[in-house]
Amino acid sequence: MDIPDIPKNIDEWSLQTIEKLLPLPHIESETFDFKSEISELDEHIYAMANSLGGIIVLGIGEEKSKDGKHLLRFKKIFLEN
C-alpha cells in the first residue's frame, strides 16, 4: 500500500485525507499523531512544540488485534462522514 503524503498546510486537509490515513498502522511519527481523547493531548503538544512541530488529528482511535498486541488500523471516533 502506498503511503500518502501528510499535508503540511491545514488548507490541504479534508475528511478524504484522513480516510486515506486510517488504514495505515505505521503512519504516526514524531511529527504526526492521531489521538482519540483531549486528555491525551498535553504531553504530545509539548513534545512537538519542543522539537520539529507537527500535526495532531483529534477524534481518531486505534483498532487493535484480538490479543491487543498489534495495531491494525485507526478508526474514527468523533468524526462523521
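Computed quantities for the displayed model
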{"quantity": "Filter result for GLU40 (in contact (Cβ under 8 Å) with a residue 24 or more places away in the chain and among the acidic types (Asp, Glu))", "calculated": "no"}
{"quantity": "Residue satisfying all of: in region 2-53; in contact with an Asp or Glu (Cβ under 7 Å, 6 or more places away or on another chain) and within 21 Å of ILE77 (Cα to Cα); surrounded by the fewest Cβ atoms within 10 Å (Cβ to Cβ) among these", "calculated": "HIS44"}
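Every number here is computed from the coordinates shown, using simple stated rules; none is lab data. Remember, it's a predicted structure, so these values are computed and weren't measured experimentally. All Cβ positions, even for glycine, are placed from backbone atoms using ideal geometry, and neighbour counts span all protein chains on display.
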